[in-house]
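Asks: Starting off with a structure, shown below.
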Amino acid sequence: MMNNPKHYLKLFFAFLLMAAVSCTNKNGSDTKASLDPKVAKLKLPEGFHADHLYSPGLNDQGSWVAMTFDDKGRMIASDQYGNLYRLTIPPIGADTATNKIKVEPLIVKKIGDTAKIKMGFAHGLLFAFNSLYVMVNDEGDTAKSQHSGLYRLEDTNGDDQFDKVTLLKSLNGNGEHGPHSIVLSPDKKSIYVIAGNMTQIPKMDVYKAPPPAWYIDNLMPLIRDPNGHDNGVDAHGGWIAHLQPDGTHWELIANGFRNPFDLCFNDAGDMFTWDSDMEWDFGLPWYRPIRICQVSSGAEFGWRPGTDKWSPSFPDNLPPTLNIGQGSPTSFFNGHNAHFPEKYRKSLFAFDWSFGIIYAIQPEADGASYKTKGEEFVSGSPLPLTDGQIGPDGALYFLTGGRRLESDLYRVYYGDNSGNTESLAAVELNESQKTRRKLEEYQGEPKAGAIDFAWPYLKSEDRFIRFAARIAVENQPVSEWKEKALNEKDPVTLTQAMLALARQGKPDMRDKALLALTAVDFAKLSASQQIDLTRAFELLIARLGMPGKEAKEKVAAYLNPYFPASSNELNRELVKVLVYIDAPQSVEKTMALLNTAKDDSTTNQNALTNSSDLIMRNPQYGMDIAGMLSKVPPQQQTFYAVVLSQAKNGWTPELREKYFKWFYTAFGYKGGHSFVGFIDLARKNALKNVPKDKFAYYNTISGDSIVSISGTDLTKTSQQPKGPGRDWEIDSAMKYVDSGMVNRDFENGKAMFAASLCISCHTMRGEGGVAGPDLTQLGTRFSYHDMLESIIDPSKTISDQFGSTVFNLKAGGSIVGRIISQDGDKYVISQNPFAPRVTRDVLKKDVASTRISEISPMLPGLINRLNPEELKNLLAYLKAGGDPNNEIFKKK
C-alpha cells in the first residue's frame, strides 16, 4: 500500500491543504508572502513575518532611498534622483484586494501659484515640528531639483499640501558621499544632520572640538588614493552637526568619519553612527572595516586621505564600539517603539546595502562608553537596503534600491503585531557616563572652572572620559593651562596635556613639550600608555614642525632603545617618528623587520563578520574576498615599506637591494581596488631618493616591468563573438533572459566579458581594469534588468566615484576627464579609461567653470556584437561574479 503512487499524491495534496489552512489561520498575509518571491528570499528570525508592499520602479517612480512618517501616520519617501511621494499604507492583515496602498506625488507649491517647486533628490527626510525636513543631495539643476542642502517644507494654510520652502543651510557636496540623514534629538526639541566625507563642513556657530581647521596629523608619508577617491576634500572627513528647528545655531558635534549615512540614539540618549569602510583599501594597513561608533560630543574618528587614516589606537580619536567587516552602511535607527520582543526593542538596526543584511546591534554600558554585540536580523540576496524606520504601528518598514536599482518597500512585524507595547524601563546613567556628560558641558567655548574640573580626569582609566577631559581643556585659552601642562609630572596626565598642546599650541612651544615627554619612564608604562605617549611625540612634530637639533637628538635617543617593540601597533608609531626625524639606525632596524614581520591575528580589527565568513554568506562578493585572502598582503610589512619610502639616509647597497626587491614580491599579492596603485606610488617615492646612476637598476628590480600604466591586456582573447549581433534594447534582451538562465557557458561568458571590453575598465575577481567599478559583487544587488540598463544606457546612472567633469576654459573650449586629485593650483585628471594612470594637469587659473558630465565614460553598444546566447552567457558571468562553480553554469 505504501508503494502506491496515488497514495503519495493524496498525502502530498493533504499536506498542501493543511499548510494553506494553517497559514491562513495564522495570518492572512503569510499565505501571500509565501507566494511572493520577493518575500520568499528574506531570512527572518523565528516568529517574524514580512510583507512586500510596493515596487516604485513598476510605476515609473524611481528608486527610493529615504523615508519618514508624518503626523497622520503616512509615509513620505524620496526617489534618489527624483520626486517625493506620500503613501497611505493598509494595516497589517488588511485585505489588499479592497484596501490597496495609496501612493501620490508630494506636490510643493506656493499659495496662489500654479508652478510646482521641484523638491526631492533626498538622502534624508524627517517630519517634525509640523514640518517636513528634506536633505537634498544634488548639484542643483533648477529644472529638476534644488541644490544640496537642508530644506524645511511647511503647510501654512492647513490644506495638507506644503506651500512654503525654506533653505536652512546650503551644503557643498553631493552624490554618494554627500549630505545624508536628518534625525530628531532624543528630547524632540532639536535636530541632528550627518554628511559624508565629500561634503565640506559649512561655517558653524559652535565647534565642540576646536579649532575649525583641519590637519592630517600623521607622519606617515601621504599617498593619496591612486584612483582618485577623496582627493579633493579637506582632512575633516564625514561629520555630524546639531541645530535648532528653525535652522539656527549650528554646532559641529563630531568629524573624522568616512561616509556615515545615518545616526541614532540609544535609550540612554547616547548617539551612535554606522560608518563605511574604504573597500579599495582592503588588504592595506590603513584599511578600516565598516563599524559602529559611539559619538560623544567633540568626537574625532580619524578619517584622512589615502595612507594617512588614523589608527583606532590613537588617543586623540575614539575607537569604534563594534567592527562589522565589509559592506556599505546605510540606514541606522533605534527599535525602541517596535512591537518586537524586548531584545530587539533595545537594539539599534543597521542596514548594509552591499550584502543585504539588517543587523541588530545591542550596546551595553561599559564605563563611559559601551561594549557592543550584534547579530543578523533580516537578510536577503539581492537586497540593496537603503532606508528604514519603525512605523507608527510598531512594524519595521524598509526600502531597497539606490543607483536606480529595482526598488521595493517591505514591512516586518512580530506575531500579529499586537504585543510588546509596554514602555521599557528608563535607563539610568552610571557614574562614568555622568562624568563624561559633565565634561562635555565645558565644550564649545571658554567656561569658568573648566581647567580645575577637567584636569584630574586627564588620567582617568576610562578612555572616553580622558578624551572628553582633553577636549574640555582645549576649549579654554591656552594661556590658562600651558605652564600647568609643561610642568605636569603624572605621565598619563602629561601625555594628554601634550596632545592638547600640540593641537592648540604654537611652534615655539614644541621643543619644550617634546623634552617634557622625554622625562617619562617609558618602560614603566602599560602597552596602551606607550602608544599614547609615542603618539604625543608624533602629533607635536606633525602639527608644530620638525624639532630643533637638540630636541630631535633627545627624542631619538629616548625612543630608539624601545624599537623594535613587542607589538605591531607600537612599532608602527615608533617607526614613523624615528624615520621621520632621521634617527640613527632607524632604517637598518626597520629593514630587519621588513621581510619577517607577521600580522596580528586581529588584523581585521575583531570584526563581527570576518572576511572569511562572507565567502559563504555571499558567494559572488565572497569569491572576490576569498581570492584576496588566498594572497592577502602582509600589512605590517607594507606599513614599514611605505614609511621607508621617505627615508633619505641610513641606506647601504645591500639594504636598498633588499628593500626594492620587496616591492617586486608585493605586486603578487591581492588587495583592494587601489592596492597596486598604492604600492607602486610608494615604490616611485622611494626611487626619488636613490642615486641617479642607480635609478634604472632599482626601478627594474622593484617590478617596473610588471606594473603597466596601460591598465590590462586581459581584453586579448582568442574567443570572439560569433554573432550575428544586433542593436540590443532592454526589452528585446529581457525576452531572452526571461526564457531561462540555466545551463550557461562559463568560458564563453568570461570570453564575452573580455571581447566586449568590460575587462578593460572593470575588475572581476581581482582581474581587470580600474577605471570603473569592481563588478564582482554586481549580482548580489543588480537584477538582470538593472545590468542591461547599465550596459545599454550607461549615461542614465553614473556613479559619482567614476563620472567625469567638464572643465570650461576661459580661453574657450572645454576638457573632459575624471578628477584624480587636485590642489590649490591644478586639477589632475584621467581621460583614458583604458589607461587610467595616464594623467593630465588642468590649471585652475585657466578654468572658467566646471560641471559634472552627463555622459558616462562607458561607451554604449559594447554588447551589440553578441548573439542572444552569448549575451545570456555574459549576463550569467556577471550575475555569478565570475564564479565558475555557480549554479547557473551547472548542467541540469
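The values are calculated or read from the model by the stated rules, or taken from the named source; none is laboratory data. Fair warning: this is a prediction, and the values are worked out from it, not measured in the lab. Note: ideal-geometry Cβ built from the backbone for every residue, glycine included; neighbour counts use all protein chains shown. Please note that ligands, DNA and RNA were not included when accessible areas were found on the heavy atoms of the full protein model with its side chains. Shrake-Rupley method; radii C 1.70, N 1.55, O 1.52, S 1.80 Å.
Asks: What are the residues in the stretch 775-813 that are over 30 Å from LYS826 (Cα atoms) and of a type in the set (Asp, Glu), if any?
Replies: The first filter runs over the stretch 775-813 and keeps only residues over 30 Å from LYS826 (Cα atoms), leaving 775-793.
Hits for the stretch 775-813 are ASP786, GLU789, ASP793.
Asks: Suppose the filter is open to solvent by 60 Å² or more (accessible area, probe 1.4 Å) and either at pLDDT below 70 or more than 32 Å from the chain's Cα centre (by Cα) (or both); does GLN585 pass it? Full working, then the answer.
Replies: On the way: open to solvent by 60 Å² or more (accessible area, probe 1.4 Å): yes; either at pLDDT below 70 or more than 32 Å from the chain's Cα centre (by Cα) (or both): yes.
Here the answer is yes, as GLN585 does meet what is asked.
Asks: Within the set of pairs 6+ apart or on separate chains, which have a first residue in the stretch 426-449 that is free of Cβ contacts under 8 Å to residues at least 24 places away in the same chain and of a type in the set (Lys, Arg), a second that is surrounded by 12 or more Cβ atoms within 10 Å (Cβ to Cβ) and not in a helix (DSSP H, G or I), and C-beta atoms under 8 Å apart?
Replies: Filtered contacts from the stretch 426-449: ARG437/LEU429.
Asks: Inside the stretch 401-506, counting only helices (runs of 4 or more DSSP H) that do not spill past its ends, which hold 3 or more residues that are open to solvent by 40 Å² or more (accessible area, probe 1.4 Å) and among the basic types (Lys, Arg)?
Replies: Fully inside the stretch 401-506 and qualifying: 431-440.
Asks: Among the residues that make up the stretch 371-382, is at least one of them open to solvent by less than 30 Å² (accessible area, probe 1.4 Å), in contact with a Pro (Cβ under 8 Å, 6 or more places away or on another chain) and not in a strand (DSSP E or B)?
Replies: Among the residues of the stretch 371-382, not one is open to solvent by less than 30 Å² (accessible area, probe 1.4 Å), in contact with a Pro (Cβ under 8 Å, 6 or more places away or on another chain) and not in a strand (DSSP E or B), which makes the answer no.
Listed here are the residues, each with its yes/no results for (1) within 25 Å of HIS229 (Cβ to Cβ); (2) assigned to a loop (DSSP other than H, G, I, E, B); (3) at pLDDT below 85; (4) open to solvent by 40 Å² or more (accessible area, probe 1.4 Å).
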site: LYS722; (1), (2), (3), (4): no, yes, yes, yes
site: ARG726; (1), (2), (3), (4): no, yes, yes, yes
site: ALA733; (1), (2), (3), (4): no, no, no, no
site: HIS785; (1), (2), (3), (4): no, no, no, yes
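Asks: State all residues of the stretch 507-551 that are among the charged types (D, E, K, R), more than 23 Å from ALA454 (Cβ to Cβ) and open to solvent by 60 Å² or more (accessible area, probe 1.4 Å); if no residue qualifies, say none.
Replies: ASP508, ASP521, LYS524, LYS549, GLU550, listed by residue number.
Asks: Going through the stretch 183-204 one residue at a time, which ones are under 22 Å from LEU106 (Cβ atoms) and either open to solvent by 10 Å² or more (accessible area, probe 1.4 Å) or at pLDDT below 95 (or both)?
Replies: Here is the first cut: in the stretch 183-204, the residues under 22 Å from LEU106 (Cβ atoms) are 183-184, 191, 193.
Matches in the stretch 183-204: VAL183, LEU184.
Asks: Here's a follow-up. Which of the residues spanning the stretch 388-426 are within 16 Å of TRP64 (Cα to Cα) and hydroxyl-bearing (Ser, Thr, Tyr)?
Replies: Across the stretch 388-426, the qualifying residues are TYR397, THR400, SER407, TYR410.
Asks: When the residues of the stretch 702-720 are narrowed to those that are at pLDDT 85 or above and in a loop (DSSP other than H, G, I, E, B), which ends up surrounded by the most Cβ atoms within 10 Å (Cβ to Cβ)?
Replies: Across the stretch 702-720, the extreme among qualifying residues is SER702.
Asks: Which of the residues that make up the stretch 626-654 are outside any loop (DSSP other than H, G, I, E, B), open to solvent by 30 Å² or more (accessible area, probe 1.4 Å) and at pLDDT 95 or above?
Replies: PRO653, GLU654, listed by residue number.
Asks: Moving on. Taking VAL108 as the residue in question, decide whether it is of a type in the set (Val, Ile, Thr) and within 20 Å of the chain's Cα centre (by Cα). Talk me through it step by step, then tell me what you get.
Replies: Working: of a type in the set (Val, Ile, Thr): yes; within 20 Å of the chain's Cα centre (by Cα): no.
No.
Asks: What's the total number of residues in the stretch 771-783 that are over 19 Å from the mean Cα position of the chain (by Cα) and at pLDDT below 80? Quick ask: steps written out before the conclusion?
Replies: Quick first cut of the stretch 771-783, residues over 19 Å from the mean Cα position of the chain (by Cα) only: 771, 779, 782-783.
Checking the rest, the ones that are also at pLDDT below 80 come to 771.
Matching residues across the stretch 771-783 total 1.
Asks: Another question, if that's okay. Would you be able to tell me the number of residues in the stretch 507-521 that are part of a helix (DSSP H, G or I) and either in contact (Cβ under 8 Å) with a residue 12 or more places away in the chain or of a type in the set (Lys, Arg) (or both)?
Replies: 10
Asks: Among residues belonging to the stretch 39-78 that are closer than 18 Å to VAL108 by Cα and touching a Ser or Thr at 6+ places or on another chain (Cβ under 6 Å), point out the one that is surrounded by the fewest Cβ atoms within 10 Å (Cβ to Cβ).
Replies: The qualifying residue surrounded by the fewest Cβ atoms within 10 Å (Cβ to Cβ) is ARG74.
Asks: Please work out which residue is least open to solvent (accessible area, probe 1.4 Å), limiting yourself to the stretch 593-619 and to residues that are more than 25 Å from ASP532 (Cα to Cα) and modelled with pLDDT of 60 or more.
Replies: The qualifying residue least open to solvent (accessible area, probe 1.4 Å) is THR609.
Asks: Step by step: first the residues of the stretch 298-343, then only those that are at pLDDT 95 or above, of a type in the set (Ser, Thr, Tyr) and open to solvent by 20 Å² or more (accessible area, probe 1.4 Å), then the one that is farthest from MET67 (Cα to Cα). Which residue is that?
Replies: So, considering only residues that are at pLDDT 95 or above, of a type in the set (Ser, Thr, Tyr) and open to solvent by 20 Å² or more (accessible area, probe 1.4 Å), the one farthest from MET67 (Cα to Cα) is SER313.
Asks: State the number of residues belonging to the stretch 300-314 that are on the phi > 0 side of the Ramachandran plot and part of a helix (DSSP H, G or I).
Replies: 1
Asks: Another question, then. Within the stretch 669-685, how many residues turn out to be of a type outside the set (Gly, Ala, Ser) and surrounded by fewer than 24 Cβ atoms within 10 Å (Cβ to Cβ)?
Replies: So in the stretch 669-685, the residues of a type outside the set (Gly, Ala, Ser) come out as 669-670, 673, 675-676, 678-681, 683-685.
Those left that are additionally surrounded by fewer than 24 Cβ atoms within 10 Å (Cβ to Cβ): 669-670, 673, 676, 680-681, 684-685.
The total comes to 8.
Asks: Here is a further query. Could we say that ALA557 is part of a helix (DSSP H, G or I) and within 30 Å of ALA592 (Cα to Cα) here?
Replies: yes
Asks: Tell me, please, whether a residue that is among the aromatic types (Phe, Trp, Tyr), open to solvent by less than 20 Å² (accessible area, probe 1.4 Å) and farther than 30 Å from GLN530 by Cβ can be found in the stretch 345-352.
Replies: Yes, the stretch 345-352 contains a residue that is among the aromatic types (Phe, Trp, Tyr), open to solvent by less than 20 Å² (accessible area, probe 1.4 Å) and farther than 30 Å from GLN530 by Cβ.
Asks: Within the set of pairs 6+ apart or on separate chains, which have a first residue in the stretch 777-805 that is within 16 Å of GLY57 (Cβ to Cβ) and among the small types (Gly, Ala, Ser), a second that is open to solvent by 30 Å² or more (accessible area, probe 1.4 Å) and part of a loop (DSSP other than H, G, I, E, B), and C-beta atoms under 6 Å apart?
Replies: Between residues of the stretch 777-805 that are within 16 Å of GLY57 (Cβ to Cβ) and among the small types (Gly, Ala, Ser) and residues that are open to solvent by 30 Å² or more (accessible area, probe 1.4 Å) and part of a loop (DSSP other than H, G, I, E, B), the close pairs are SER783/GLU406.
Asks: Every residue in the stretch 739-772 that is touching a helix residue (DSSP H, G or I) at 6+ places or on another chain (Cβ under 7 Å), open to solvent by less than 50 Å² (accessible area, probe 1.4 Å) and of a type in the set (A, V, I, L, M), please.
Replies: Scanning the stretch 739-772 gives MET741, MET752, ILE759, MET764, ALA771.
Asks: Do you know which residues across the stretch 658-668 are touching a helix residue (DSSP H, G or I) at 6+ places or on another chain (Cβ under 7 Å) and surrounded by fewer than 21 Cβ atoms within 10 Å (Cβ to Cβ)?
Replies: Correct list: LYS658, LYS661, TYR664, PHE667.
Asks: With respect to the numbered conditions (1) touching a residue at least 24 places away in the same chain (Cβ under 8 Å); (2) touching a helix residue (DSSP H, G or I) at 6+ places or on another chain (Cβ under 9 Å), which one is the sole condition not fulfilled by PRO653?
Replies: (1)
Asks: In addition: Does ASP267 satisfy the condition of being open to solvent by 20 Å² or more (accessible area, probe 1.4 Å), outside any helix (DSSP H, G or I) and either over 22 Å from THR386 (Cα atoms) or in contact with a Pro (Cβ under 9 Å, 6 or more places away or on another chain) (or both)?
Replies: It is true that ASP267 is open to solvent by 20 Å² or more (accessible area, probe 1.4 Å), outside any helix (DSSP H, G or I) and either over 22 Å from THR386 (Cα atoms) or in contact with a Pro (Cβ under 9 Å, 6 or more places away or on another chain) (or both).
Asks: Continuing with the same structure: Would you mind telling me which numbered condition in (1) assigned to a strand (DSSP E or B); (2) within 17 Å of the chain's Cα centre (by Cα); (3) not basic (Lys, Arg) ALA241 fails?
Replies: (2)
Asks: Yes or no: MET278 at pLDDT 95 or above, under 19 Å from the mean Cα position of the chain (by Cα), crowded, with 22+ Cβ neighbours inside 10 Å and farther than 21 Å from VAL136 by Cα?
Replies: no
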